[in-house]
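One structure below.
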Amino acid sequence: MLLLAAAVFIGSQQCRPCHATVFDAYAETAMAQSSGRVEAIPPASFSAAGHRYQIANKKLIFPGGEATIDYFIGSNAAGRSYLREYEGYLFELPVTWYAQKQAWDASPGYEDHKEVHLTRAVEASCLQCHASRVRPVLGTQNRFGDPPFHENGVACERCHGPGSAHAHAPAKGNIVNPARLAPDRRDAVCSQCHLTGEARIERPGRKFAEFRAGDRLSDFATYFVSKLGRKDLKVTSHVEKLAASACKTGAGDALWCGTCHDPHTNADKSQPACQGCHQTAHRQQERCVTCHMPRSKAVDANHGVMTDHSIPKKPSRESQPRLESLTPFLGPADDRAFGLAYAELGDPRAAAYLSRAVPQDWPVQLRLAVLEPDPNRAAQLYESVLRANPYDPAALVNLGTHRIRQGRTLEAGSLWDRALLANPAIEEAVLNLTQIRPAKESIALLQKYLAINPVSRKALSRLAELRKAE
């Protein structure tokens, strides 16, 4: 019996010989330019979230230290954030360039940090929608190969699937054309990056990173939205906003992202799309989207301004209501999915759902361990998590704390060492180890940590204590 080899990723450059016009046009789009290595960055001096910064020679300089500026994330249409690489580990820097404001300011989520925050781990899922063929290192939280991704931006195979078979023998049947797919598979190509919801929960045994163009996204994850509906905008809430629109309700599967967007050229096809249904609309000579798809500030992007895909008749000034409950938007929703979603949001309703969840796999057990008041039972849950996922940082750190309370110092140290292999910027693990290791070794641990996070008050204080005691 002849077995056919599965298609594999080969890189966008293999597409250009046959598709040069499309390739070159796409290279100029925002999606194609959404990540890369920083080659140069203009000098600057500014304040953000109460901290003073300078940018010079591809470094972010602040009182007490500096950090290299190694990679960028974002096309610079709305803005661009930056990453620092340390021994292969990636961390998000606390400042972002906001193109629409033409100003530097705090990165989203950094607005209220009282210290310069340098230890936010960049996981593979963070890069997935900005870069192509990401190269995470197994057994770590945020370490990657060199380079961390094979291709900058969103490459051809993100939307067309692995291209080896098509490059070998070009045919329509061995490459994905999203426009020819069934609606749920077609829409999944865009939804993989433009559907946010309130929570995305991977299905048991599935990984979002395994999704390929042509698959059903609902086979990999369940997405939840607010049952009340959001009145505000998120950066990538395009899909759920469009689904809530009267236009989508009326048109059904006939209206999708490709109706208004040409992904290869970034051409705007919205006006003929609107007039196709609204031939007698008022102000025919004006662009419909100017009023009916207004650009508004995104709640999760500081100064970022995004297009409202809910297509309102009039711009809404309503604030976001309190989250009453979640409802599934895409994918199956059972006790496990609801429990993990509520836990992700820090909602107390998580506990009841998680206790009924099937299967009781390691993501469920990890959340239950955090909620468990009995320390012995919590330790058993963490042990179970680590049998299935030996590299989970939270389980390693928390189980180490339990072992210390039991007087099992060597085991605790081993667990914290493993946590620092997963991510060397886990401050709690570093500080804990300095309580059980010899002074010389503890000083070396702190010095390594301070190379990543030079303004950590706790680490600096502990280092001073150890040096004073020498």
Where does segment 35-151 land on Rg(C-alpha)/(2.2 N^0.38 Å)?
1.02
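Please give the calculated 222 nm ellipticity per residue for the chain, where each DSSP H segment of at least 4 residues contributes -39500 (n - 2.57) and the sum is spread over every residue; nearest 500 deg cm²/dmol?
Using -39500 (n - 2.57) per qualifying helix, the result is -9500 deg cm²/dmol.
Quick check on the exposure proxy: order Asp335, Asp308 from fewest to most C-beta atoms within 10 angstrom.
Arranged by neighbour count, lowest to highest, Asp335, Asp308 become Asp335, Asp308.
Normalised by the residues of segment 382-470, what does the relative contact order come to in percent, with Cα pairs under 8 Å and at least six apart?
Reported relative contact order: 19 percent.
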Give me the percent relative contact order of segment 348-403, please, defined on Cα pairs under 8 angstrom at least 6 residues apart.
28 percent
Cross-link table Lys59/Lys114; Lys101/Lys227; Lys227/Lys248, entries beyond 24 Å C-alpha to C-alpha
Lys101/Lys227
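For the ranges 171-180, 399-408, what's the packing order if you count other beta-carbon atoms within 10 Å of each residue, average per peptide, and put the highest first?
Taking the mean over residues of other Cβ atoms within 10 Å, the ranking is 399-408, 171-180.
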Nearest 10 degrees, 0 to 90: what angle lies between the long axis of helix 409-422 and the longest principal axis of the chain (Cα atoms)?
30 degrees
In whole angstrom, how long is each semi-axis of the equivalent ellipsoid of segment 136-255, when you take the square root of 5 times every eigenvalue of its Cα gyration tensor and sort them from largest down?
27, 22, 13
Could you list which residues have their amide H under 5 Å from that of Ser107, counting only those 5 or more apart in sequence or on another chain, with H placed in the peptide plane?
Val95, Thr96
To the nearest 10 degrees, the tilt of helix 393-405 (Cα long axis) against the first principal axis of the alpha carbons of the chain is 20 degrees
Rounded Å value of the spacing that divides the Cα centres of segment 318-384 and segment 125-189
30 Å
Output the Cα-based Rg and Dmax of segment 356-469 in Å, rounding Rg to one decimal and Dmax to a whole number.
15.4, 53
Summed residue charge, Cβ within 13 Å of Pro183's Cβ, Lys/Arg positive, Asp/Glu negative
+2
Considering Cα pairs under 8 angstrom that are at least six residues apart, work out the relative contact order of the chain and quote it in whole percent.
12 percent
Angle, helix 335-344 long axis vs. longest principal axis of the chain, Cα atoms, 0 to 90°, nearest 10?
70 degrees
Could you sort 132-143, 369-380 so that the peptide with the highest average Cβ count within 10 Å comes first and the rest follow in order?
132-143, 369-380
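Taken together, the values in this text are just the output of simple stated rules run on the coordinates, not laboratory data. None of the values given here were measured: they were computed from a predicted structure. All Cβ positions, even for glycine, are placed from backbone atoms using ideal geometry, and neighbour counts span all protein chains on display.
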